[in-house]
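The values are calculated or read from the model by the stated rules, or taken from the named source; none is laboratory data. In this text, all values refer to a predicted model and were calculated from it rather than measured experimentally. Using ideal geometry, Cβ is built from the backbone for each residue, glycine included, and neighbour counts are taken over all protein chains shown. SASA here: full protein model, heavy atoms, side chains in, ligands and nucleic acids out. Shrake-Rupley method; radii C 1.70, N 1.55, O 1.52, S 1.80 Å.
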Amino acid sequence: MRFMPVVYVREGAKLGKHIYDDDGRILLKKGATLTKKILNRINEMGIRSVYIDDEFSDTELEDIIKPELRNKAISAVKETFAHFEKFSRYISENPMQNKHQIKKLNQKKDEYLQFLGKISEEIINDILSNKHVIVNLIDIKSTDNYTYQHCINVAVLSLVLGIEMKLNKGELKNLCLGAMLHDIGKTVIPKEILLKNRKLTKEEFEIIKEHTTKGYDYLKTSIDIPGTARIITLQHHEKVDGSGYPQGLSDREINKLAKIVAIADVYDALTSDRPYRQAMPPNEALEYIYANGGSHFDFEMVKTFSSKIIPYPIGTLIKLSNGEIAVVEDIIPNFPLRPKIRIISNDNGKVIDLMKEKNLVITGIQYEAPAS
C-alpha cells in the first residue's frame, strides 16, 4: 500500500484504504478497482491523494487509532465546531441577547465538550494499547471536512509525541482535548479566506490570526475544559523565537502542551492536500520541521517527534542518488532514513541495506513506476 497523488494513479490500480464520506460512512471500499470515472469522482470530492495496492506495494499500513474511533471523533469535533458557529452568529446578530437562550447555548456547549473529553480518553487508551507506536500513515482528507479531520490528526500526532515525552495521563488528556479544539476559532473565519487558493493579503492574514483568540474566548468560561487545554487554542501559533502570534511569546513563556501541538499542527498541514498546494511528502515535511527546530519549534521536541515518524513507509517507491528506483522493503528501528530496499528499475531485483551501503542515499519519493 502506498500513498500517492490521484494524478499519478493509473487506471486499474486497486484502492488500498477505504475512502469515507463526510459523515464517516464508507464511500469506496478498499480493493475497489480505480477506473477513470471513479478517479474523477474522487477528485471532485476534493480528495487529491489516495492509497493504492499495486505490484510494488501490497503491505497493509495500520492507522494509529481504530477507523471507527477516528470517525466518531471527527463527527464530535464537527458538531462542536458547528455549535460554536451558531453561538457566535447569535451573539453578533442579537445585541440584546436573551438570557434564557444564552443559557441554553452554554448548556449545549458543555454537553459537546464533555463528550469530547470522553473521546479523548478513548483515543489515549487506544494509542497506549499499542506498545510500538510509529507514524507511517498520512490521513486522507476531503476539502469540506478538512478542518475536523485535521484536528483529530493533530490530536493523535500530539499524543504520539506526548507519550514519548512521558507525560502523565492527566497531561495527555488535556493535550488531546486542546489539540482537538485548537482550530475551533476558524469556524467564524470567512470561508473565502480559509479556502483561498492564492497568497493571503496582509489584511486577510490578520483575520486568520484572530482564530486563536476567538477560540480561546469561547472556551475560557467552560469548566469542562481545563486551563492547560484552553491555552492550546491561544498559543499553538506561538514560536520559540518570539515571532509567532497572537502574543509574540518566546520559549519558556509558551505552554509545553501548546509547543507539542504546534509541531503536530504544522506537520499534518504540510502533509495534507490544500486548495492552494499539493501535499508535501512526509520526508520533506519532516525536513521542514527539523530546519525550524530552535526557531519556530522546541528543538528537543522536534528530535523526539522525528524519531516517531517514518518518512518512507514500507511499499514507498523511492529515487536513489545513483539514479535507480527502489521500493522500501523493511524499516530499521531508530534509523528510518536508512531502510532496506529492493531495486525495481532493472531486472536484478537486488535487495540493499542502506545501513551498510553508506554511499547511497534516498533523494526523494517516486510516484510513477518505472517502465517495464
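Here are some residues: Asn283, Asn346, Asn322. Which one is assigned by the TED database to the domain that holds Ile134, touching a residue at least 12 places away in the same chain (Cβ under 8 Å) and either assigned to a strand (DSSP E or B) or under 22 Å from Arg2 (Cβ atoms) (or both)?
After applying the criteria, what remains is Asn283.
Any idea which of Glu329, Glu300 is out of contact with any Gly (no Cβ under 8 Å at 6 or more places or on another chain), assigned to a helix (DSSP H, G or I) and acidic (Asp, Glu)?
Glu300
Identify all residues within segment 167-212 that are open to solvent by 50 Å² or more (accessible area, probe 1.4 Å), modelled with pLDDT of 95 or more and outside any helix (DSSP H, G or I); write none if there are none.
If the condition is that a residue be open to solvent by 50 Å² or more (accessible area, probe 1.4 Å), modelled with pLDDT of 95 or more and outside any helix (DSSP H, G or I), then Asn168 is the only one that fits.
Could you tell me whether segment 220-237 includes any residue that is without any contact (Cβ under 8 Å) to a residue 12 or more places away in the chain, in a helix (DSSP H, G or I) and not basic (Lys, Arg)?
Within segment 220-237, one or more residues are without any contact (Cβ under 8 Å) to a residue 12 or more places away in the chain, in a helix (DSSP H, G or I) and not basic (Lys, Arg).
Within segment 35-58, take every residue that is more than 22 Å from the chain's Cα centre (by Cα) and part of a loop (DSSP other than H, G, I, E, B) and give me the one that is surrounded by the most Cβ atoms within 10 Å (Cβ to Cβ).
Ser57
Pull up segment 318-341, narrow it to residues that are surrounded by 13 or more Cβ atoms within 10 Å (Cβ to Cβ) and touching a Lys or Arg at 6+ places or on another chain (Cβ under 7 Å), then point me to the one that is nearest to Val135 (Cα to Cα).
Ile332
Conditions tested, residue by residue: (1) more than 28 Å from Asp144 (Cβ to Cβ); (2) touching a residue at least 12 places away in the same chain (Cβ under 8 Å); (3) among the charged types (D, E, K, R).
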{"position": "Leu175", "(1), (2), (3)": "no, yes, no"}
{"position": "Glu203", "(1), (2), (3)": "no, no, yes"}
{"position": "Gly244", "(1), (2), (3)": "yes, yes, no"}
{"position": "Arg252", "(1), (2), (3)": "yes, no, yes"}
{"position": "Leu270", "(1), (2), (3)": "no, yes, no"}
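Would segment 75-87 turn up any residue that is in the same structural domain as Gly178 (by the TED database), crowded, with 19+ Cβ neighbours inside 10 Å, of a type in the set (Val, Ile, Thr) and not in a loop (DSSP other than H, G, I, E, B)?
Looking through segment 75-87, at least one residue is in the same structural domain as Gly178 (by the TED database), crowded, with 19+ Cβ neighbours inside 10 Å, of a type in the set (Val, Ile, Thr) and not in a loop (DSSP other than H, G, I, E, B).
Does Lys118 satisfy being under 22 Å from Arg230 (Cβ atoms), surrounded by fewer than 21 Cβ atoms within 10 Å (Cβ to Cβ) and at pLDDT below 90?
no
Could you list, in sequence order, all residues of segment 252-280 that are more than 14 Å from the chain's Cα centre (by Cα) and either aromatic (Phe, Trp, Tyr) or not assigned by the TED database to the domain that holds Lys173 (or both)?
Scanning segment 252-280 gives a single hit, Tyr276.
Could you tell me whether Gly349 is modelled with pLDDT of 90 or more, open to solvent by 20 Å² or more (accessible area, probe 1.4 Å) and of a type in the set (Gly, Ala, Ser)?
So Gly349 does not fit the description; no.
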